[in-house]
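Take a look at the structure below.
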Amino acid sequence: MTDPGPARAAATQKYRPAEVRILFMAESPPAAPDRHFYFEDISRADTLWVQTTRALYPEEFGETAQERKRKGAWLERFQRDGHWMLEAVPHPIDAQRKEFQIRNHTERALAAIQAAAPLYVVLITTPVYKTLLQPLADAGISLPQPQAIPFPGRGQQGRFHAAMQATLSVIGQGAAIVPNTNKGQTHR
């Protein structure tokens, strides 16, 4: 089987915004090699993309089956709006010891965040939040999210949307957040 890493990296770079407004940091790519947030032709099990898009564009995102057919256009909008999704770990991780696996990639995740120089960083999944919260604070990067945002699968969609809306409302208000004005350094 071919390593999906290069295809995932190319798809992620294809949709990198010129200026990153919100960098979403997820856990890792899915175990299935034919699935990824930035792969355009996904007919099933694309939960992170579906729920993130629904959270960002609730008035416009319709029935999932129809919106999947327009995923490329949605990804272009996500990019135009300055959103970018990266993973803390570049390869699929197993369900055991997630925080340990993420911790082993902390430097890589911090470097990716600093290179993107986003205005805001949003951590998706509780293990990512718990593992990266202190290293981000140590690097001078605070988060707009008042709590961990769970992965939107396995019955957690409601909690995902509530946490995402709380975070997006803070970003909309700019409360307690100092946007990054120095592109060489992210500070909050």
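Within straight cross-link reach of K69, meaning Cα distance under 13 Å, which aspartates and glutamates are found once same-chain residues fewer than 8 apart are removed?
Once the sequence-local aspartates and glutamates are set aside, what remains near K69 is E40, D41, D46.
Relative contact order for the chain: what is it in percent, counting Cα pairs under 8 Å that are at least 6 residues apart?
Relative contact order of the chain: 26 percent.
Please get the size of the charge dipole for region 1-133, origin at its Cα centre, with Cβ charges of +1 on Lys and Arg and -1 on Asp and Glu, quoted in debye to the nearest 20.
Charge dipole, region 1-133, about its Cα centre: 100 debye, nearest 20.
Quick one: longest stretch of the chain between exposed loop GluC sites (Glu not before Pro), exposed meaning at most 10 other C-beta atoms within 10 Å and loop per DSSP?
Within the chain, the longest run free of exposed GluC sites (Glu not before Pro) spans 64-188.
When N counts the residues of the chain, how does its alpha-carbon radius of gyration compare numerically with 2.2 N^0.38 Å, as a ratio?
Dividing the Cα Rg of the chain by 2.2 N^0.38 Å gives 0.97.
At 1.4 Å probe size, with the rest of the protein present, what percent of the exposed accessible area of the chain is carbon and sulfur atoms?
51 percent
Quick check: pseudo-label points 7 Å beyond the Cα along Cα→Cβ at A111 and R70, how many nm apart are they?
Label at A111, label at R70, 3.9 nm between them.
Run the 1.4 Å probe and let me know the accessible area of K130, rounded to the nearest 10 Å².
Surface open to solvent at K130 totals about 120 Å².
From the phi angles alone, apply the Karplus equation (6.51, -1.76, 1.60; θ = phi - 60°) to region 47-60 and give each ³J(HN,Hα) in whole Hz, x where the residue is Gly or Pro.
So the J values, rounded to whole Hz, are 4, 4, 5, 4, 6, 5, 5, 4, 5, 6, 10, x, 7, 10.
Per residue, how large is the accessible surface of region 1-156? Use a 1.4 angstrom probe and give square angstrom.
48 Å²
For a Förster distance of 35 Å, can you work out the FRET efficiency between the beta-carbons of K130 and E63, rounded to the nearest 0.05?
0.55
When we measure straight from the Cα of K130, which aspartates and glutamates land under 16 angstrom away, once same-chain ones fewer than 8 places off are left out?
Excluding near neighbours in sequence, the set is E27, E87, E99, E107, D138.
The values are calculated or read from the model by the stated rules, or taken from the named source; none is laboratory data. Computed from a prediction, not measured in an experiment: that's the story for all the values here. No Cβ is skipped: glycine too gets one built from the backbone with ideal geometry, and neighbour counts run over all protein chains shown. Remember, those area values only see protein heavy atoms, side chains included, never the ligands or the DNA or RNA. Shrake-Rupley method; radii C 1.70, N 1.55, O 1.52, S 1.80 Å.
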